[in-house]
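Accompanying notes for the structure given below.
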Ligand SMILES: [Zn+2]
């Protein structure tokens, strides 16, 4: 992994587009003005990302996972992130799935088996519980999201942004959406305009 100085890459720079959890996670690899950026360069950045997406994890899991991250966890999360990106790329390019990323994803999804428990204080509630350590459980939740995005009904709506230099993925929820963000749409229009003028 390329070493990137964390003060150059605020966690806020890793774009939050409101995509499914696995797509947001894949998008931690992003670009700023065409330069590739690592949104998970340090354990602290991974912890911040987990807290920023806490609403997509059951209960307090994102917070307990962020607190419990240890040596080696960053590597496992980045490996899953790269696997998700490789599989998403294969899907949008209609290419065969790369074997190692596929195995990495399925292994991560199986890291923390969970089951529903009926918790009944004021009202009965379903709680998804696991015996696994919180970082393992968080890794599994992200992997499960990726399995559903890549293999479920959303798979035909997964797109790679066509913005100049952009490497983000998004799920197209309405037929006219062509870019990850309005910013990428503007950059693409400016670049087409420039190309047309240069051609003359
Ligand atoms: Zn984009």
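Data overview
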| quantity | calculated |
| --- | --- |
| Cα gyration tensor shape for segment 104-155, rounded if a/c is under 1.5, else prolate or oblate | oblate |
| Difference of contour (0.36 nm per residue) and Cα-Cα distance, residue 107 to residue 128 | 5.6 nm |
| The chain - mean residue ellipticity at 222 nm from DSSP helices (-39,500 (n - 2.57) per run, n ≥ 4, rounded to 500) | -14500 deg cm²/dmol |
| Alpha-carbon centroids, segment 89-131 and segment 147-186: separation in whole Å | 22 |
| Semi-axis lengths (Å, descending) of the ellipsoid that matches the C-alpha gyration tensor of the chain | 32, 19, 16 |
| Spin-label pair residue 148/residue 64, simplified geometry with 7 Å Cα→Cβ offset, distance in nm | 2.0 |
| Cβ-derived FRET efficiency at R0 35 Å, residue 121 paired with residue 155, nearest 0.05 | 0.35 |
| Separation in nanometres of the label points that stand 7 Å from Cα toward Cβ, at residue 173 and residue 71 | 4.3 |
| Label-point gap, in nm, between residue 51 and residue 190 - each point 7 angstrom along Cα→Cβ | 3.3 |
| Pairwise FRET efficiency - residue 100 versus residue 17, Cβ, R0 = 22 Å, nearest 0.05 | 0.20 |
| Degrees between helix 99-109 axis and first principal axis of the chain (Cα, 0 to 90, nearest 10) | 40 |
| Principal-axis tilt of helix 134-151 within the chain, Cα atoms, nearest 10 degrees | 50 |
| Listed residues 145, 156, 119, most fluctuating in the chain (Gaussian network, C-alpha, under 10 Å) | 119 |
| Acute angle (nearest 10 degrees) that the helix 43-52 long axis makes with the longest principal axis of the chain, alpha-carbon atoms | 90 |
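Throughout, read-outs are computed from the coordinates displayed, never taken from laboratory work. Just so we're clear, the structure is a prediction, and the values are computed from it rather than from any experiment. For neighbour counting, all protein chains shown are included, and Cβ atoms are generated from backbone atoms with ideal geometry for every residue, glycine included.
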